[in-house]
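Encoded as C-alpha cells, the structure appears first; notes follow it.
The values are calculated or read from the model by the stated rules, or taken from the named source; none is laboratory data. Please read these numbers as outputs of a predicted model, since none were measured by experiment. Note: ideal-geometry Cβ built from the backbone for every residue, glycine included; neighbour counts use all protein chains shown. When the accessible area is computed, the model is the full protein with side chains, heavy atoms only, and any ligands, DNA or RNA have been set aside. Shrake-Rupley method; radii C 1.70, N 1.55, O 1.52, S 1.80 Å.
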Amino acid sequence: MEMNEYLDVFIEESKEHIQALNSNLLELEKDPKNMDTVNEIFRSAHTLKGMSATMGYQDLADLTHKMENVLDAARNDKLDLDSTIIDIVFEAVDHMESMVFDIIDGGNGKKDVSELVAQLKAIEEGEPIQELKSNGDNLASTESTNTEAQMIPLSSLDEFEITVLQQSLEKQFNNFHISIKLDEGCLLKAARVYMVFEVLEQMGEVIKSEPTVAELEEEKFENDFAVILITQDDQDTVKQKIMKVSEVSEVLVSAFEMNAAAETSQMEESAQSSENKSAPVSKSEEAKKQNTSKTGQLTSKTIRVNIDRLDALMNLFEELVIDRGRLEQIAGTMKDAALQETVEHMTRISGDLQNIILNMRMVPIDQVFNRFPRMVRQLAKDLNKKIDLTIHGAETELDRTVIDEIGDPLVHLIRNGLDHGIETPEERVAKGKPEKGTLTLNAYHSGNHVFIEISDDGAGINKEKVIKKAISNGVIEEDQVATMNDSQINQLILASGFSTADQISDISGRGVGLDVVKNTIESLGGSIKIESEYGKGSLFSVQLPLTLSIISVLLVEVGKEKYAIPLSSIIETAIINNKDIMNAHNKQVIDFRGKVVPLINLKEIFEVPGEQEDDTFHSIVIIRQGEKMAGLIVDSFIGQNEIVLKSLGNYLTDVFAISGATILGDGQVALIVDTNALIK
Amino acid sequence: MTDSITETQNEYLQSIVFQLNNEEYALPVSYVGGIETMMPITRVPGVPRYVKGVFNLRGVVTPIIDLRERFDISNYENTKSTRIIILQINDVEVGLIVDAAYDVVDIPKSKVEPSPDVIGSVQVDYIHGVAKLEDRLLILLDMERVLNIVETKEQYQTES
C-alpha cells in the first residue's frame, strides 16, 4: 500500500482536529446554544471522519460518524445539547485521541467503541429525524441514507438542464437517475469515477452529477455519488455497463421523473442539507454549489497535464505557425485556387488550435486581482483609512506559471501602498486632498511584457527620509548619496532591512516585504520600478515577461528592413501629407483628431541604412501607451500577421526599442518594436 | 579508456581552426555547437558594430557576430567558404562569421605561448596565446573577451 506517505499528513491533521474538537467543546460547554461552535466541531469531526475512512481506520471513522450525526442534529435544532450529551461527546473525543496515538505508535487504530457508538446512537435516535432513523446497522442502511440523500433534487437543476431533460423525454430518450456506490476499500476513487463517467458518456449524456464533477475529481465525496443521464439504453443495460467498472459495489438506476422530483424536492432538500458536509451556511453554500455546477457544466471535465508537455506542444505549434506563414506566401504567389483554398482552411484550423493551446496556459490576471477588493476593504478598516480601489485590465492574460507566483508580491505592494502610502483621512483633508484615497491597479500588455501598475495618491516617497534611513540602516554609505539619482533613491526602499514607516505595523511588516517582492519579481525574469512624487503619490510598476505567446502585429517596411509593431499598441494607421507636419520645439508633430501627436521616424531611430526619401506623403502608425500617443513614420505597411514572439537570446539584452524578434514565413527574422520604449 | 581521454584532454586543447584574413585562429571545440553556411541576417539597431544582427537558426533567433569587424579587418567580403560557427558559452548562444572553418586540431598545451609583444602594436586582450604547430601558427582566442562576456573562464586559463 502506498498509504504510508499520507500517514504523516493524516497524523498531523488528526492531531490538529482533535485539538480543535477539545477546545471547541470546552467553549460549547460554557455556551451550549452557540451554533458557530457546534459548526466548528462538526467540521472538524467531519474532516476527521473523511480522513480516517480514506486511511482505512474504520473504528475511528464510525465513531466520528456517530458523533457527527449527534452534532448535526444539534445544529439543526433537533436536539438540545445538555451537559450529559457534551460529556459523552468529550468521551468520544478522548477515544479518538487514543486511537490516533495508537496509530502514531504503529498500531492499527482499532478500539472497541461499540458502547460509545451505541450511546451516541441512542442520543441521536432520541429524536424522530427522518434521515437519521436508518443509521442503525452500519453498512446496509447507510447506503440507503446516502442514496436517498444523494437523490438529486429537481430544484438544483438550472433552467437549461431542465429544458434538456424535457426535450430528451419528448424525443423518447430515457432520463435516468443513477446512484453509484464504490467499494469501501477503493483507493483511487477519482479514477473509478472517471471510468464510470466514460462508460456513462458512451451511453448518453450526463446532465448533472452530485457532488459536482470537480468535487468528484478531488475525491471530495465518500463512496457514492449520483448522476442524471440521458440515454437511449434501457435501465438494465445502463446498470450492467456501469457494474463492469471494477470496484463499483452498487448501482441504482431509476427513471428521473420530472414531476415526482418536483414534489419530493422539498423533502429531499432538507435531507440533503443535513447530510451536506458543511451545512452551517447551508443556504449560501448550496447556492454556491449550484453556481459552480452551472458554470462547471460546460467545462465539466478536466485532466491535469504536466506543464512541460504543454511547453513541448507550444514549441511544435510555433514551428507550425511559421510554416503556415510560409504556405500562405507560397499559395499567394502560385495563385492555384485549390491550393489557396486548402491553405485557407488550414489557416482557420490552426487558428483555432492556436487559441486552444494558448488558452491552456493563459489565465486572466483577474484570478489574482479578484481577491484584492475585499482585502483592501478590510485593511482600510483596520487602518482607519478611506480607500477607493479601482482595477483596470483585469482581463489581461498571463502565463499560468507567472499568475501562480505574482499574487504574494502584489499583496505586499498593495499593503505597502495602503499602509505607508495613503494617509489618514484627517491628514488628507489637511493637505487639501479628497478624504478618500485612491489605489489603482492597472494591468496591460506591452511587447512581450506584461505590466502591472499599482499607484496611489498618497504621501509619496520622502527622499530625504529614505536616504537618512538607508544610511542609518547601513543599506548605503553616506558618500554614495551624491551619485544617486531619484529612481535609485526610490529603489532603496526595496533593499532588505528597510522600513520607512515610523511605527512598525502589522499591515506591511518590518521592511522585509518589499525586499521579498523585488526578489520574487526578479526570479520571474521581471523588474520593478518606482516613480514617486513627494506629497502626490507613488507608482510601482512591475514588468513581467510573457514568456511565450503568439501575438498579432502589423508588419511594416522601413528601408529594406521589416519590423513588427504589436497590434495591441496601435490605434490606427494613416497616410499624411508633408504639409500637415508641424514643428513644435524642434520636434515634428501632427494634429491627429484634435490632439498633438509627436512623430518618430523609425528610420532615424533604428539607423536604417539608405537615403532619407523626401516623399510628399508619409505612412504613419499611431501608437499609444497609456495616455500618451506617438506617430511612427514608416515606409510602407505590409499587413497584419500572427507571429511567435521570440527573444533575442541572452547575448543581446537591452536593445533599445526592440522587445524581441520573430521568424517570418520566409524564414527571415523580423524585429518587434517596443512601442513602450519609444513613447518614453 | 576514460582515463586516457581525460589524459588527452589535460594535455591537449581540442580546438576548431578557422581562418580570418589569411590568419588561422583556434577556439575550444567544447564551445562549438555547429558550423553553418551563410544565411540571411537581420540587422539589429543600436548594437556594437561587430554584432551583425540576428538570424534564424532552426527556429531559434540567434545573434551573429562578425569577427572580421571585431578584429578591425577591413576590405572583407563573403565568399563561398564563409562560415558561421555557432558558439555556446554558458547560456549564451551566438554565431561567428569567419572566412573559412577547417578541422579540429589537438593543440598540445606545451606548445601554447603567450602572444608576442610587438612594439608599436596595439595590445588586445582577447588573444589568449599562440601555438606553433609544424608549419602552422594558430592564434588562440579568449572567446569570453571576444564576446565581452565577463564570466568564469575555465578554458585556456593561464597556468603559471
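What number of residues in region A:619-646 are modelled with pLDDT of 85 or more and in contact with a Gly (Cβ under 9 Å, 6 or more places away or on another chain)? Please lay out each step first, then the result.
If we filter region A:619-646 for residues that are modelled with pLDDT of 85 or more, which is where we start, we get A:619-623, A:629-640.
Filter once more, so that each one left must be in contact with a Gly (Cβ under 9 Å, 6 or more places away or on another chain): A:620-623, A:635.
So the count comes out to 5.
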Open item on the list: For the structure I just gave you, tell me whether residue A:641 is open to solvent by 10 Å² or more (accessible area, probe 1.4 Å), within 14 Å of chain B (Cβ to nearest Cβ) and not β-branched (Val, Ile, Thr).
Closed with: no
Task: Residues satisfying the stated conditions in region B:23-32, i.e. surrounded by fewer than 16 Cβ atoms within 10 Å (Cβ to Cβ) and either in contact with a Cys (Cβ under 7 Å, 6 or more places away or on another chain) or under 19 Å from residue B:92 (Cβ atoms) (or both) - done: B:29, B:30
TODO: For residues that are exposed (fewer than 11 other Cβ atoms within 10 Å of the Cβ) and not acidic (Asp, Glu), tally how many sit in region A:596-621.
DONE: 4
Task: Output for region B:33-70, where each listed residue is part of a strand (DSSP E or B), open to solvent by 30 Å² or more (accessible area, probe 1.4 Å) and within 7 Å of chain A (Cβ to nearest Cβ) - done: B:56
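Conditions (1) outside any strand (DSSP E or B); (2) touching a Ser or Thr at 6+ places or on another chain (Cβ under 9 Å); (3) buried (at least 19 other Cβ atoms within 10 Å of the Cβ), marked per residue:
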| site | (1), (2), (3) |
| --- | --- |
| A:190 | yes, no, no |
| A:197 | yes, yes, yes |
| A:207 | no, yes, yes |
| A:214 | yes, yes, no |
| A:221 | yes, no, yes |
| A:240 | yes, no, no |
| A:251 | no, yes, no |
- [ ] Please give the number of the condition residue A:109 fails out of (1) open to solvent by less than 60 Å² (accessible area, probe 1.4 Å); (2) part of a loop (DSSP other than H, G, I, E, B); (3) more than 23 Å from residue A:23 (Cβ to Cβ).
- [x] (3)
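Would region A:658-676 turn up any residue that is away from every other protein chain (no Cβ under 14 Å) and open to solvent by 30 Å² or more (accessible area, probe 1.4 Å)?
The initial filter retains those residues of region A:658-676 that are away from every other protein chain (no Cβ under 14 Å), namely A:675-676.
With the extra rule that they be open to solvent by 30 Å² or more (accessible area, probe 1.4 Å), the set shrinks to none.
No, region A:658-676 contains no residue that is away from every other protein chain (no Cβ under 14 Å) and open to solvent by 30 Å² or more (accessible area, probe 1.4 Å).
Which residues, counting only those in region A:647-674, are closer than 23 Å to residue A:604 by Cα and at pLDDT below 80? Reasoning before the result, please.
Narrowing region A:647-674 to residues closer than 23 Å to residue A:604 by Cα: A:648, A:652-662, A:668-674.
Within region A:647-674, A:653, A:654 qualify.
Looking at residue B:28, is it more than 14 Å from chain A (Cβ to nearest Cβ), modelled with pLDDT under 85 and more than 30 Å from residue A:602 (Cβ to Cβ)? Walk me through it before giving the result.
On the way: more than 14 Å from chain A (Cβ to nearest Cβ): yes; modelled with pLDDT under 85: no; more than 30 Å from residue A:602 (Cβ to Cβ): yes.
No, not satisfied.
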- [ ] Considering only region A:460-480, state which residues are surrounded by 21 or more Cβ atoms within 10 Å (Cβ to Cβ) and in a loop (DSSP other than H, G, I, E, B).
- [x] A:461
Open item on the list: Among the residues in region A:25-45, are any crowded, with 16+ Cβ neighbours inside 10 Å and outside any helix (DSSP H, G or I)?
Closed with: yes
Open item on the list: Only one of A:647, A:619 is touching a residue at least 24 places away in the same chain (Cβ under 8 Å) and closer than 15 Å to residue A:449 by Cα. Can you tell me which?
Closed with: A:647
- [ ] Check whether at least one residue in region A:190-204 is assigned by TED's automatic domain parsing to the domain that holds residue A:164, without any contact (Cβ under 8 Å) to a residue 60 or more places away in the chain and within 19 Å of residue A:162 (Cβ to Cβ), and report yes or no.
- [x] yes
- [ ] Would you be able to say whether some residue in region A:317-329 is at pLDDT 85 or above, more than 14 Å from chain B (Cβ to nearest Cβ) and not in a helix (DSSP H, G or I)?
- [x] no
TODO: Kindly indicate whether any position in region A:583-591 is of a type in the set (Val, Ile, Thr), in contact with a His (Cβ under 7 Å, 6 or more places away or on another chain), away from chain B (no Cβ under 14 Å) and buried (at least 19 other Cβ atoms within 10 Å of the Cβ).
DONE: no
TODO: Give the residues of region A:329-350 that are surrounded by 14 or more Cβ atoms within 10 Å (Cβ to Cβ) and not hydrophobic (A, V, I, L, M, F, W, C), sorted by residue number.
DONE: A:329, A:340, A:347, A:350
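Take the residues in region A:300-328 that are under 17 Å from residue A:400 (Cα atoms) and β-branched (Val, Ile, Thr); name whichever of them is surrounded by the most Cβ atoms within 10 Å (Cβ to Cβ). It would help to see each step written out before you state the result.
Step one: filter region A:300-328 for residues under 17 Å from residue A:400 (Cα atoms), giving A:302-315.
Cutting the leftovers down to β-branched (Val, Ile, Thr) gives us A:302-303, A:305, A:307.
Numbers: A:302: 10, A:303: 6, A:305: 10, A:307: 14.
Residue satisfying both the conditions and the ranking: A:307.
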- [ ] May I ask you to say which residue of A:395, A:405, A:435 is within 30 Å of residue A:645 (Cα to Cα), open to solvent by 40 Å² or more (accessible area, probe 1.4 Å) and touching a Pro at 6+ places or on another chain (Cβ under 8 Å)?
- [x] A:395
TODO: Answer yes or no as to whether residue A:72 is assigned by TED's automatic domain parsing to the domain that holds residue A:48 and out of contact with any helix residue (DSSP H, G or I) (no Cβ under 8 Å at 6 or more places or on another chain).
DONE: no
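Among A:426, A:435, which is the only one that is in a helix (DSSP H, G or I) and over 22 Å from the mean Cα position of the chain (by Cα)?
Numbers: A:435 fails: in a helix (DSSP H, G or I).
Being in a helix (DSSP H, G or I) and over 22 Å from the mean Cα position of the chain (by Cα) holds for just one of A:426, A:435, which is A:426.
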Open item on the list: Cβ-Cβ distance below 8 Å, separation of 6 or more or different chains: which pairs start in region A:584-606 with a residue that is modelled with pLDDT under 85 and end on one that is open to solvent by 60 Å² or more (accessible area, probe 1.4 Å)?
Closed with: A:584/A:596
Task: Set A:646, A:603, A:595: member being more than 14 Å from chain B (Cβ to nearest Cβ) and among the basic types (Lys, Arg) - done: A:595
- [ ] Count, please, the residues in region B:71-109 that happen to be within 14 Å of chain A (Cβ to nearest Cβ), acidic (Asp, Glu) and outside any loop (DSSP other than H, G, I, E, B).
- [x] 1
